[in-house]
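One structure is given here, and the rest of the page talks about it.
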Amino acid sequence: MNSDIALQYTDKILDSIADQLVERGYAILEQQIDAQLLTLLRQRALSFSEEHWRDAGIGREQRFQLDKKVRSDKIHWLNTSNSVETAYLTLMANLKQGLNRRLFMGLYDFESHFSIYQQGQFYNKHIDALKGRSNRVLSTVLYLNECWQEDDAGQLLLYNQEGNKIIETVAPKLGTMIIFLSEKFPHQVLAANCRRYSIAGWYRVNASQSGLIDPAE
Ligand code: OGA
Ligand code: MN
């Protein structure tokens with residue numbers, strides 16, 4: 001892969017993300033990721049054939065449930081056997097380090113998957129971590145849709161902690177990223193009118209730090 005691709009955020013961007021997280025619990029970035037990397041990630045998402053995409057579950061892997069009424073997207077977990085996926089994981093490791101240095105968040109590891117929402121598919125209102133039940137602390141979503149138009153829908157709605165007020169509507173445009181505290185923000189994906197690609201990811205704290213006896217139970 002081209003070695004010119006930037007796999008680090010600048011200090012200025014890291015400062016801005018940290019400030020936004022402290023002030024309001026979430027950060028929205030536009031066009032802060034290397035354009036070549038975005039293109040490669042988009043191409044990677046588009047390259048998966050039908051059988052590469054898996055039905056998305058709900059809850060922890062051990063309690064894997066499928067409920068098409070809650071979410072109907074399909075997913076593909078990132079791993080280091082592919083150079084493009086590795087590049088994204090490297091960038092996200094840089095973000096982890098940048099936030100740990102600034103906010104002492106104790107972010108420990110990161111897991112993420114590509115998602116595809118076909119026309120009409122959605123993800124109902126949910127939170128990524130139930131208080132005290134999960135070691136997911138920070139959620140990230142990067143969007144990979146070139147030429148997104150209002151009519152394409154599929155926006156992400158971010159709610160206040162009580163879940164009764166929409167505080168942000170995020171268009172899933174190529175290069176837009178949202179980062180938010182996993183326990184604090186209910187969110188939902190409106191039905192998309194055409195294929196919608198994203199990469200959702202979660203930083204977790206070390207299980208022994210989150211006060212759980214056996215988080216894998
Ligand atoms: C998720 C999620 C949001 C999106 O996968 O948990 O909320 O906009 N995704 O793709
Ligand atoms: Mn979510």
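Every read-out reported here was derived from the displayed coordinates using simple, explicitly stated rules and does not represent laboratory data. The model shown is predicted, which means the values in this text are computed figures rather than measured ones. A quick note on method: Cβ atoms are made from the backbone with ideal geometry, for glycine too, and the neighbour counts reach across all protein chains shown.
Quick query: amide H of residue 121 versus all other amide H atoms, modeled in the peptide plane; which residues come in under 5 Å with a sequence gap of 5 or more or a different chain?
192
When a footprinting reagent is the concern and you count Cβ atoms within 10 Å, what order do 147, 194 take, fewest first?
Lowest to highest Cβ neighbour count: 147, 194.
Provide 22, 70 in ascending order of the number of other Cβ atoms located within 10 Å of each residue's Cβ, fewest first.
Ordered from fewest to most neighbouring Cβ atoms within 10 Å, 22, 70 come out as 22, 70.
As a test of the formula, what do you get for the chain when each DSSP H run with n ≥ 4 contributes -39,500 (n - 2.57) and the sum is divided by the residue count, at 222 nm and rounded to the nearest 500 deg cm²/dmol?
Here the helix-only value at 222 nm equals -7500 deg cm²/dmol.
Using a/c under 1.5 as the rounded threshold, could you call region 11-205 rounded, prolate or oblate? The axes a ≥ b ≥ c are square roots of the C-alpha gyration tensor eigenvalues, and prolate needs a/b larger than b/c, oblate otherwise.
Because its axes are fairly even, with a/c under 1.5, region 11-205 counts as rounded.
Over the chain, what is the relative contact order in whole percent, taking alpha-carbon pairs under 8 Å and six or more residues apart?
That works out to 26 percent.
Highest GNM mean-square fluctuation, the chain, Cα pairs closer than 10 Å: which of 16, 47, 115?
Judging by the Gaussian network model, the answer is 47.
Take 116, 28 and order them by how many other Cβ atoms sit within 10 Å, fewest up front.
28, 116
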